[in-house]
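Working notes, structure below.
The values are calculated or read from the model by the stated rules, or taken from the named source; none is laboratory data. Here the structure is a predicted model, which means the values were calculated and not measured. Here the Cβ positions follow ideal geometry from the backbone for every residue, glycine too, while neighbour counts run over all protein chains shown. To get the accessible areas, we keep the full protein, side chains included, count just its heavy atoms, and leave off ligands, DNA and RNA. Shrake-Rupley method; radii C 1.70, N 1.55, O 1.52, S 1.80 Å.
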Amino acid sequence: MAVQEVDVEMTIEDGENTSEKEKIPKADVEALSLADIKEHLMFIEKSVSSKEPRFILRVVRSLVSVRKRLSAKILRKVVTHFYVHSTQQRDTLLNFIDEPMDMDTNGNKAPARVKNAKSSQQPLLPEQDIYIHLLVLLYLIDCGQPQMAVDCADMLMKKVVAQPQRTVDLIAAKCYFYLSRSYELLGCLSNIRSFLHSRLRSAVLRNDYEGQAVLLNCLLRNYLHYNLYEQASKLASKSVFPEMASDNEWARFLYYLGRIKAIQLDYSEAHKNLLQAIRKAPELSAVGFRQTVYKLAITVELLLGDIPDRSLFRQPQLRKSLAPYYQLTQAVKAGNLSMFNEVLENLGPQAIRDGVIEATINHAQGYMQSKQTVDVYSTGEPLAAFHKRISFCLDIHNKSVKTMRFPPKSFHKDLETAEERREREKQDIEYAKEMTDDVR
């Protein structure tokens, strides 16, 4: 079951009216974007000085809205304005932006300026430098330049690793995610696996909960991208996902866990994890993520012998993408085998694209070929499974035997000492004498 990756930012966006935004002139949009970026840099400075992470958290949550308005012209103005004291860094970032600078009256390139140049007199904080570098990386990803994005991400990671301050953690978590995304777009996601493992160890030791959650999800996504389900299962079972992580990271983790359980034929656990992922995901955004999770959840629910509720397919955001799955559900509900086969023939390409079935389409010869299923009983997997179950039963037996043992010398508690025995015998003799005197 090939994993389908969705590049979505699962954050609830601010309630902006799209029709009103379209009426705003381009110059005003650029001015608004520059003002927002400058405000975010001020929030980062305030967070560093006051040791309050809530200001940086506000900046991270606003990253989606800023990303939509990024352009080469805006980034050039930001870089040339704030990197006054570091010309090397300025030139490096400007090389990633392919838009030429504004021309002066003589035809020479002149760096653009923004209002209130007072803030540019001070050097940037490391957190502010990482934030601007991250904006450049987002621009490269959206422009469809994966090689430049990978180069930019590598430089960004050097800055992140060199800064041990706790104020960098929240921004660094976003950097890890987009580093993984850049390598994925380039098709060399396995190259950063060892780096992600090393950063995960550091995040666990430093109690960096957000970074730990993002890195764990990136590693699971890395393994599932190459269909390494056994390694992903071991990583998930031997790692503890932080309870303090954000709902977005919880949704991703539960989705990956649901895919792993579905491959392992543990459909009940897979369905439970997928439903929890849907509940954790934001309701107003991340439409692509919700569609992907619902497709897998419907398939797992059908494999469990249950019929999904019809109201699920009537949601406006899911109606078009879940139409083939609705037809499949109707065929299963009616028990019509011919209709079921017809739906499967039409659902084949859709299911391959969604990652529900493992197959490839040969367009040249016009046929679909399923991937070969390996005979599990010809491998050592059944022996390992039986050994695991037997060890589990023996462990329960040993624990039960240990609980039945008496504590050391506990049987002496109810026994009387020699002095108590002599005292009791003396009292018995005196009592016997008294009885004898009463009889006489």
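Observations, loosely collected:
- Above-threshold pairs, the threshold being 21 Å between Cα atoms, out of 280/333; 295/333; 234/295; 234/272; 38/73; 159/234: 280/333; 234/295; 159/234
- Pairwise FRET efficiency - residue 266 versus residue 311, Cβ, R0 = 41 Å, nearest 0.05: 0.95
- Measuring only protein heavy atoms, the 1.4 Å probe finds residue 50 accessible over about 50 Å².
- Each Lys and Arg contributes +1 and each Asp and Glu -1, all at the Cβ; summed about the Cα centre of segment 167-255, the dipole is approximately 280 debye.
- Among 162, 148, 220 - extreme Cα towards positive end, dipole of segment 113-220, charges at beta-carbon: 162
- For peptides 163-170, 312-319, sequence by mean Cβ density within 10 Å, most packed first: 163-170, 312-319
- Heavy atoms of residue 400 accessible to a 1.4 Å probe, total area in Å² rounded to 10: 50 Å²
- Ranked by solvent-accessible area (1.4 Å probe, protein heavy atoms only, all chains present), the residues 434, 39 order from largest to smallest as 434, 39.
- For residue 43, net neighbour charge (Lys/Arg +1, Asp/Glu -1) across residues whose Cβ lies under 13 Å away: 0
- Accessible heavy-atom area order of 155, 404, highest first, probe of 1.4 Å: 404, 155
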